[in-house]
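Okay, structure first, notes after.
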Amino acid sequence: MSRIIVHAEHPLNKISKNIYGHFSEHLGHCIYGGIYVGEESEIANVNGIRTDVVEALRHIRVPVLRWPGGCFADEYHWKDGIGPKRKRKKMVNSNWGGLVEDNSFGTHEFLELCRQVGCEPYINGNLGSGTVREMSEWVEYLTFPGRSPLTRLRMRNGREQPWKIKFFGIGNESWGGGGNMRPEYYSDLFRRYQTYLKDFGGNKLFKIASGPNEEDYRWTDTVMKLTGPYMDAIALHYYTVPGDFNNVKGSALDFTEAEYYTTLKKALKMERLIEKHTQIMDRYDPSHRVALIVDEWGTWYDAELGANPQFLFQQNSMRDALVAALTLNIFNRHSDRVRMANIAQMVNVLQSVILTEGKKMVLTPTYCIYDLFQAHQDAALIDSDVQTKEVGTQGAMIPQISVSASRNEAGELNLTIVNTSLDETDLAECRILGWEAGRVTASILTDDSHAYNSFASPDTVKIRAFDRLTVKKGEITAEIPPCSVVRIKTAC
Ligand code: AHR
């Protein structure tokens, strides 16, 4: 039995909808096949972009999308991806399988994707192998409203008006694949590059620094100290790997009970990372002007047998749904500092919300979590305290219940509750302070931890109505089944 106290009478900061953001890279079948099929494809598309995928993404109200990488960003030269497609320069995608990239999906296609999805673009510039001039010219091409050689080129390529671009990243994983830099050197480069990224015609860039890998606190400390005033955000990366990243990571579907709990325990590490990086940021930025964004996160398993290991395709089970729900609850609770997060990656790569195979598409259990949690987008965070016991296996004990709560402008209170236990139902008593009992509705995602949606059986795991709850003044008691995520909605 768990006790949850919800302080509905004290709404806190806004939970930025951008916490529900996504990431798309030129990697495997994320872009090509998963999103972009070309105008001549037999797969239904608008301007080459899959209609089924766009509809699914609109349904979960994707707020922001990062592109073109990842590692790919630091070898991407944007001018190769504009103009007539047959003339576009090809390149070798050396990070992801050494395939020849034909650049048929470039700046215009990405911004068309964002238009169709209804989300904000987040463009990651090339610091690793690109020049200052190249990066500054990209911003001019995108956003300058006047006539210049670059904007004339943009117009010839079919775009008369400048785009509004807010989110702009300067390098990716600059401590590793993005240049193997020291934080001192990166900081100097960041200061230099950002100088030439101008705000044209009312456009205001939000400049994002390449941040730490996991527990690299020295990176955060140094970059905050040396570049804090020049940046708007610093980007943390953390992946949940059940095993060893450099050896056996673990299988997406074939896992033991111990591996299940280990995976969730590792996912929960996100909270400690956020708290520690935030403490460092607080020293240099006590007013919380600079955001911590987590622009790569999610599960990372061994590649599926038979699949190209460089394509990072993995199935997605209820275990992944729980990882997503636990992580999003953490982001919500730390949303005063965490103002964007981008799950890796949107389609067909790592912890995807969508998988495709030719014409077929499935929505993963992780997709269902984004559907359940969309109620938190831009709502006010509500503080919640949880008393719950630990469950798990030796070496991997974790709290049974995780919660976050918010209150939206319509006065609705939404609680998202995760029961991590594989076999125990939890009788959760939620006391909601400052709330009179009103209409309560609830939805649930639950199944065996190994359950997943396949192309042959796409609706195995899906959201259902949930009615195992009783309501009395100020209190809701819910019987939360094992391995489940419940969203309770009530007027407040
Ligand atoms: O998401 C896959 C890769 O993981 C990204 O390209 C890189 O930034 C990270 O190491």
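The values are calculated or read from the model by the stated rules, or taken from the named source; none is laboratory data. The structure displayed is predicted, hence computed values, not measured ones. Reconstructed Cβ throughout: ideal geometry from the backbone, glycine too, with neighbour counts over all protein chains shown. Ligands, DNA and RNA are stripped out before the accessible areas are found, and what is left, the full protein with its side chains, is counted by its heavy atoms. Shrake-Rupley method; radii C 1.70, N 1.55, O 1.52, S 1.80 Å.
Out of region 45-88, which residues are open to solvent by less than 10 Å² (accessible area, probe 1.4 Å), away from the ligand (no atom under 16 Å from the Cβ), in contact (Cβ under 8 Å) with a residue 40 or more places away in the chain and over 13 Å from VAL117 (Cβ atoms)?
Answer for region 45-88, where residues must be open to solvent by less than 10 Å² (accessible area, probe 1.4 Å), away from the ligand (no atom under 16 Å from the Cβ), in contact (Cβ under 8 Å) with a residue 40 or more places away in the chain and over 13 Å from VAL117 (Cβ atoms): GLY48, TRP78.
Cβ-Cβ distance below 9 Å, separation of 6 or more or different chains: which pairs start in region 26-42 with a residue that is without any contact (Cβ under 8 Å) to a residue 12 or more places away in the chain and under 15 Å from VAL54 (Cβ atoms) and end on one that is open to solvent by less than 20 Å² (accessible area, probe 1.4 Å) and small (Gly, Ala, Ser)?
Close Cβ pairs satisfying both conditions: GLU39/GLY48; SER41/GLY48.
Return yes when PHE200 is in contact (Cβ under 8 Å) with a residue 12 or more places away in the chain, open to solvent by less than 10 Å² (accessible area, probe 1.4 Å) and more than 16 Å from the ligand (Cβ to nearest atom) and no when it is not.
No.
Would you call ARG133 assigned to a helix (DSSP H, G or I), open to solvent by 40 Å² or more (accessible area, probe 1.4 Å) and more than 16 Å from the ligand (Cβ to nearest atom)?
yes
Find the residue count for region 406-432, including only residues that are open to solvent by 10 Å² or more (accessible area, probe 1.4 Å) and in contact with a Ser or Thr (Cβ under 8 Å, 6 or more places away or on another chain).
Matching residues across region 406-432 total 4.
Under the condition of being within 16 Å of the ligand (Cβ to nearest atom) and either assigned to a helix (DSSP H, G or I) or more than 30 Å from ARG191 (Cα to Cα) (or both), which residue from region 222-243 is farthest from the chain's Cα centre (by Cα)?
Across region 222-243, the extreme among qualifying residues is VAL241.
From the list ASP232, ASP244, pick out the single residue that is farther than 22 Å from ILE19 by Cβ and of a type in the set (Asp, Glu).
ASP244
What pairs come up if the first residue lies in region 293-313 and is within 16 Å of TRP96 (Cα to Cα) and within 11 Å of the ligand (Cβ to nearest atom), the second is assigned to a loop (DSSP other than H, G, I, E, B) and of a type in the set (D, E, K, R), and their beta carbons are under 8 Å apart, counting only those six or more places apart or on different chains?
TRP300/LYS249
For region 274-284, check the following and say yes or no: at least one residue is more than 24 Å from ASP232 (Cβ to Cβ), open to solvent by 60 Å² or more (accessible area, probe 1.4 Å) and more than 16 Å from the ligand (Cβ to nearest atom).
No.
Let's see how each residue does on (1) surrounded by fewer than 15 Cβ atoms within 10 Å (Cβ to Cβ); (2) at pLDDT 95 or above; (3) more than 27 Å from MET270 (Cβ to Cβ); (4) not assigned by the TED database to the domain that holds MET361:
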{"residue": "THR393", "(1), (2), (3), (4)": "no, yes, no, yes"}
{"residue": "PRO399", "(1), (2), (3), (4)": "no, yes, no, yes"}
{"residue": "SER404", "(1), (2), (3), (4)": "no, yes, no, yes"}
{"residue": "TRP435", "(1), (2), (3), (4)": "no, no, yes, yes"}
{"residue": "THR441", "(1), (2), (3), (4)": "yes, yes, yes, yes"}
{"residue": "ILE444", "(1), (2), (3), (4)": "no, yes, no, yes"}
{"residue": "ALA456", "(1), (2), (3), (4)": "yes, yes, yes, yes"}
{"residue": "VAL461", "(1), (2), (3), (4)": "no, yes, no, yes"}
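I'd like the residue in region 157-196 that is β-branched (Val, Ile, Thr) and open to solvent by less than 10 Å² (accessible area, probe 1.4 Å) and, out of all such residues, is nearest to the ligand (Cβ to nearest atom).
Among those that are β-branched (Val, Ile, Thr) and open to solvent by less than 10 Å² (accessible area, probe 1.4 Å), it is ILE170.
For region 1-44, what are the residues that are more than 20 Å from PHE167 (Cβ to Cβ), open to solvent by less than 30 Å² (accessible area, probe 1.4 Å) and not in a loop (DSSP other than H, G, I, E, B)?
Selection gives SER2, ILE4, VAL6, ALA8, TYR36.
Would you point out the residue of region 89-115, among those that are open to solvent by 40 Å² or more (accessible area, probe 1.4 Å), assigned to a loop (DSSP other than H, G, I, E, B) and more than 16 Å from the ligand (Cβ to nearest atom), that is nearest to MET340 (Cα to Cα)?
Going through the qualifying residues, I end up with ASP102.
With touching a residue at least 40 places away in the same chain (Cβ under 8 Å), open to solvent by 10 Å² or more (accessible area, probe 1.4 Å) and of a type in the set (Lys, Arg) as the only criterion, which of LYS207, LYS225 stands out?
Going through LYS207, LYS225 in turn, the sole match is LYS225.
Just one of SER136, SER104, SER148 is closer than 30 Å to ASN308 by Cα, assigned by the TED database to the domain that holds MET231 and more than 21 Å from the chain's Cα centre (by Cα); which is it?
Just a single option satisfies the conditions, and that option is SER104.
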